[in-house]
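In what follows, a single structure is set out as structure tokens and then discussed.
The values are calculated or read from the model by the stated rules, or taken from the named source; none is laboratory data. Small disclaimer: the values here were computed from a predicted structure and weren't measured. Quick reminder, even Gly has a Cβ in these numbers, built from the backbone with ideal geometry, and neighbours come from all protein chains shown.
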Ligand SMILES: C[S@@+](CC[C@H](N)C(=O)[O-])C[C@H]1O[C@@H](n2cnc3c(N)ncnc32)[C@H](O)[C@@H]1O
Ligand SMILES: O=C(O)C(=O)C[C@]1(C(=O)O)C=C[C@@H](O)C=C1
């Protein structure tokens, strides 16, 4: 994986453009996401551990909004179920190209990994195959809010008995004091990881139009409305959380 440090927002910008998963972001993405999302390495590795418990023989494991394939690689490290294959989907051409390179690297280092297909495409237009594990790792927050229930319903329809959706998201909080505290602590986390006040402020304006976090309550209600029967949070670090949703 690229070790290039994220300096995308380090210089003052006259106008901060909306955040996009372009070439510049792809180059620094491993560094950016690790320094921006508290608990990210723990979530990714354990997503593989969880997936191994839900994987059903001869089914598909989806990594939706796969970026550079960190989740796909974790699925391939942990899932040993017969006949499973991974389908990773992302609509950023730059991400998909680099993701394929990294997965070729994983294939050359390890034997007997699950087969994987990386699709460049919109997850809203995906024709889902019967799946036992679907991972949405910090992807739903970038989907237009009015499209989210329909997407989750389609995922629910594709899930086999015994399977699970694993959904990780940045959260907002309905309680203003809780929201302010966890937002401040997230800023402290970024500062501790070497981001300047300018970088933090410019990144905030870049993502505010494109990334719309929901509260835990909204996630729970929407997942139930989409047909899931049970929603179990398994991880939270500051304002970032991951949930298991059972069909
Ligand atoms: C924060 S990143 C996901 C990080 C990744 N899952 C990981 O764990 O490293 C969000 C990704 O979702 C992708 N994305 C956003 N909207 C999408 C859509 N409609 N269809 C497919 N991919 C999408 C972006 O291109 C981006 O790569
Ligand atoms: O909230 C922030 O400041 C973030 O940087 C979060 C976040 C994310 O949650 O996906 C936003 C964009 C990048 O993909 C990396 C991290």
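Tell me which residues, restricted to the stretch 108-131, are out of contact with any strand residue (DSSP E or B) (no Cβ under 7 Å at 6 or more places or on another chain) and surrounded by fewer than 13 Cβ atoms within 10 Å (Cβ to Cβ).
Matches in the stretch 108-131: 108, 109, 110, 111, 112, 122, 125, 127.
Quick check on the stretch 190-208. Is at least one of its residues away from ligand 2 (no atom under 16 Å from the Cβ), at pLDDT 95 or above, farther than 29 Å from residue 59 by Cα and over 15 Å from the mean Cα position of the chain (by Cα)?
No.
For the stretch 27-45, give me each residue that is in contact with a helix residue (DSSP H, G or I) (Cβ under 8 Å, 6 or more places away or on another chain) and assigned to a helix (DSSP H, G or I).
Across the stretch 27-45, the qualifying residues are 29, 30, 32, 33, 34, 35, 36, 40, 41, 44, 45.
How many of the residues making up the stretch 18-51 are more than 14 Å from ligand 2 (Cβ to nearest atom) and either surrounded by fewer than 19 Cβ atoms within 10 Å (Cβ to Cβ) or more than 19 Å from residue 103 (Cα to Cα) (or both)?
Of the residues in the stretch 18-51, 6 are more than 14 Å from ligand 2 (Cβ to nearest atom) and either surrounded by fewer than 19 Cβ atoms within 10 Å (Cβ to Cβ) or more than 19 Å from residue 103 (Cα to Cα) (or both).
What do you reckon, is residue 227 over 16 Å from the mean Cα position of the chain (by Cα) and assigned to a strand (DSSP E or B)?
No; evaluated as a whole, the condition is false for this residue.
For the stretch 52-80, which residues satisfy the criterion of being surrounded by 21 or more Cβ atoms within 10 Å (Cβ to Cβ), more than 9 Å from ligand 1 (Cβ to nearest atom) and in a loop (DSSP other than H, G, I, E, B)?
55, 59, 79
Going by the conditions given, is residue 99 within 11 Å of ligand 1 (Cβ to nearest atom), touching a strand residue (DSSP E or B) at 6+ places or on another chain (Cβ under 8 Å), farther than 20 Å from residue 235 by Cβ and without any contact (Cβ under 8 Å) to a residue 60 or more places away in the chain?
Here the answer is yes, as residue 99 does meet what is asked.
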